[in-house]
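In what follows, a structure is listed as structure tokens, so that the remarks can point back to it.
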Amino acid sequence: MSHAAPPPVVVPTIAECRRLVTEARASGKSIGFVPTMGALHDGHLRLIDACRRHCGFLVTSIFVNPTQFGPNEDYQRYPRTPDDDHRRCAEGGVDLIFEPTVAEMYPNGPTATFVEVPGLSSVLEGKSRPTHFRGVTTVVAKLFGIVQPDLAAFGRKDFQQLAVIARMVHDLNMPIRLLPVETHREADGLAMSSRNRYLSADQRRAAVVLSRALQTAAEAVASGERSADRVRQDLAQAIELEPLAQLDYAEVADAETLEPLDDLSAGRPAVALVAARFGDTRLIDNTLLPTVTSESSCN
Ligand code: PAF
């Protein structure tokens, strides 16, 4: 949605960000926050739009956080599109863009102090990316400390990230309400991601296998499939049948603990999660599975 409000103020320093947020709060406004790494797409605009509805002053951060990238990951080539990002933030009605440098966020180099959520951070994505969530929770904790939002929006596309951040907020008693926002998809179902722009035309066509496989899994559960293992195998097989996809994982897990599930009729909320590479580009996606109770499984 396009807003006729004044363009956002862009600040690179923590001090300026704090000053403007303090002013907004003193004028009685609640603070909403959408942390991003830039390369904004329509999925980010959904986050901005959802957050905007619940706050009086909306802050977005744009910071490609080096500590959440592994040594052989795409930190250097991660897309940086500041002008386009500022335009999109203006369209979304963002009031303040916090766009720090690496030196501003990490003046002493990679920080010696980490915030880490063990367990939840080491499964799924954490197996392929062992230091990723430690980087995410550390930077998000720093950003929360700088912006001190009342409300912060995160996309369900990064399901595990949301679970890890929710646990951090809970365990550290951070007075912040999290706003989960549904995954925004391209017309063919591909989940929007800043990394989609790395895909060649062929890889882009192939990548739709992820959302299709997940949709088939959700349909199978809705039609009575109760074996998580069967759903897992079918997901993996569907992705492996796509020649341009290299499967990393296909998992069916408890949506709160992310522990693998066996029986879908145990009444626990379940989520199917997948990750695969298309050339050098690693994509993830997920879907919540229809809730099954032992009563409905007897039918
Ligand atoms: O989801 C992202 O874009 C990043 O992981 C986040 C939350 C902005 C932290 O760098």
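Some observations on this one:
- Residues in the range 131-185 that are assigned to a strand (DSSP E or B) and either of a type in the set (A, V, I, L, M) or more than 9 Å from the ligand (Cβ to nearest atom) (or both): L151, A152, A153, R177, L178, L179, P180, V181, R185.
- Scanning the range 52-79 for residues that are in a helix (DSSP H, G or I), surrounded by 18 or more Cβ atoms within 10 Å (Cβ to Cβ) and touching a Pro at 6+ places or on another chain (Cβ under 9 Å) returns a single hit, T67.
- Of all residues in the range 87-109, those being in contact (Cβ under 8 Å) with a residue 40 or more places away in the chain and either within 15 Å of the ligand (Cβ to nearest atom) or closer than 16 Å to C17 by Cα (or both) number 13.
- With respect to the conditions (1) more than 27 Å from P180 (Cβ to Cβ); (2) touching a residue at least 40 places away in the same chain (Cβ under 8 Å); (3) not aliphatic (A, V, I, L, M), D229 lacks only one, and its number is (2).
- Qualifying positions in the range 36-85 - more than 14 Å from the ligand (Cβ to nearest atom) and within 23 Å of G126 (Cβ to Cβ): P71, N72, Q76, R77
- Where G189 falls short, out of the listed (1) without any contact (Cβ under 8 Å) to a residue 60 or more places away in the chain; (2) surrounded by fewer than 22 Cβ atoms within 10 Å (Cβ to Cβ); (3) within 11 Å of the ligand (Cβ to nearest atom): (3)
- Boolean, V123 is at pLDDT 95 or above, within 19 Å of F159 (Cβ to Cβ) and away from the ligand (no atom under 15 Å from the Cβ): yes
The values are calculated or read from the model by the stated rules, or taken from the named source; none is laboratory data. This is a predicted model, so every value here is computed, not measured. So basically every Cβ, Gly included, is an ideal-geometry build from the backbone, and we count neighbours across all protein chains shown.
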